[in-house]
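The values are calculated or read from the model by the stated rules, or taken from the named source; none is laboratory data. This is a predicted model, so every value here is computed, not measured. We place every Cβ from the backbone using ideal geometry, glycine too, and count neighbours over all the protein chains shown.
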Amino acid sequence: MSLLELRDVEVVYQRRDGTLVPAVAGASLDVNAGEIVGLVGETGCGKSSLAKAAVGLVPVASGSITFEGRPVHVLGRRARPVSERRLQLVFQNPYESINPRRTVGAQVADAFAIGRTQARSSWRPRVEDLLRQVGLPATMARRFPHQLSGGQRQRIAIARALAADPAMIVLDEPLSALDASVQAQVANLLVELARNLHVGMLLISHDLAIVRHVAHRTAVMYLGVIVETAPTADLWTAPMHPYTQALIDSIPHADGAGHLPVALPGEIPDPARPPSGCRFHPRCPRVMDRCLSEVPELVAKDGGRRVACWLHEAPGGARRAADGPSVAP
Ligand SMILES: Nc1ncnc2c1ncn2[C@@H]1O[C@H](COP(=O)(O)OP(=O)(O)O)[C@@H](O)[C@H]1O
Ligand code: SF4
Ligand SMILES: [Mg+2]
């Protein structure tokens with residue numbers, strides 16, 4: 001049993017005009033203790049929606065999510081019980097997730113104190129310990145957020161997540177707001193924490209270069225589905241899905257927003273009207289006839305890889321998904 005198990009998860013939003021938007025359209029993914037799993041894909045492919053579903057912040061339309069063997073229920077963040085503290089979420093923007101009017105120490109102490117009854121004074125050594133764990137001096141506890149750099153603030157956000165003693169942290173674009181040099185430092189911190197604390201991490205990024213550096217395993221998402229997952233080194237050196245290949249080819253060209261101006265024709269389609277068959281077929285350089293009508297399933301390959309593409313159909317390994325998403329409603 002994995003720490004976090006996502007099975008055929010669907011997240012459906014409703015637009016103001018009533019249109020249903022299946023932002024996540026049947027995604028399956030596992031994260032183990034101490035493992036960093038990278039989740040990559042263009043902006044709009046459903047990464048944040050999958051992350052929110054994983055921590056119970058958006059409802060799941062179908063499929064299942066279990067964490068430590070128990071189903072993840074949808075609750076308001078404030079209402080989450082102590083046990084749910086073991087699954088923490090760190091957002092992209094350290095400026096928004098930190099209270100500007102309270103000292104760093106007080107904020108970390110708050111995160112530590114929820115559900116605990118000790119006197120406040122007894123938390124100080126633990127707070128200073130947490131600051132050291134994220135590479136900050138204990139004196140930082142007396143500072144206010146505006147006195148910190150972006151990288152320091154994101155370290156504080158990570159310290160607050162760690163204060164809950166989590167088994168797993170979901171990080172949604174945690175490095176995107178940071179300078180490149182700071183990105184590398186915080187990325188290294190994540191690797192250390194996963195190893196030393198045996199915390200599982202789901203690291204979401206549109207930046208494959210960061211994920212390559214940090215993640216043990218990488219999952220590639222396209223228009224609401226996982227199209228390939230593999231040990232990161234294998235994914236990098238021998239991508240099997242044409243979309244993975246395109247992402248890798250686009251790295252020197254990708255702009256900060258995660259758009260891919262060179263490697264792929266066109267934009268990611270509207271998830272409310274997904275293409276028939278393989279969702280990637282309108283942009284795929286290797287599209288075949290069957291790709292237009294038949295949905296490729298995520299099929300296990302050697303070496304712990306899974307891929308959803310008709311180019312890599314194992315004999316008898318893939319089946320037709322008669323009830324899969326096909327034509328737009
Ligand atoms: N609250 C919402 N209502 C309607 N559509 C949404 C909502 N949130 C996200 N979407 C749509 O769902 C898709 C996936 O979004 P998101 O999960 O944020 O992707 P990513 O994090 O990969 O950029 C996008 O098409 C986005 O426009
Ligand atoms: S199934 Fe077909 S369209 Fe989809 S990625 Fe593979 S070759 Fe391309
Ligand atoms: Mg996002």
- Message: For the range 176-188, give me each residue that is of a type in the set (A, V, I, L, M, F, W, C) and within 17 Å of the chain's Cα centre (by Cα).
- Response: Ala177, Val186, Ala187
- Go through the range 258-276 and give me each residue that's at pLDDT 55 or above, within 16 Å of ligand 1 (Cβ to nearest atom) and aliphatic (A, V, I, L, M). Leu264, Ile268, Ala272
- Picking from Arg120, Arg143, which residue would you name as being surrounded by fewer than 21 Cβ atoms within 10 Å (Cβ to Cβ), away from ligand 1 (no atom under 16 Å from the Cβ) and modelled with pLDDT of 90 or more? Arg143
- Message: So His281 passes all but one of these: (1) under 26 Å from the mean Cα position of the chain (by Cα); (2) modelled with pLDDT under 85; (3) not charged (D, E, K, R). Which condition number does it fail?
- Response: (2)
- the range 67-107 - residue that is buried (at least 17 other Cβ atoms within 10 Å of the Cβ) and over 30 Å from Pro125 (Cβ atoms) and, of those, modelled with the highest pLDDT: Val72
- Note on the structure: Residues in the range 1-48 that are within 14 Å of ligand 3 (Cβ to nearest atom), closer than 20 Å to Ser62 by Cβ and part of a loop (DSSP other than H, G, I, E, B) total 2
- Candidate set from the range 28-74 (those that are more than 25 Å from Glu192 (Cα to Cα) and among the β-branched types (Val, Ile, Thr)); member that is nearest to ligand 2 (Cβ to nearest atom): Thr43
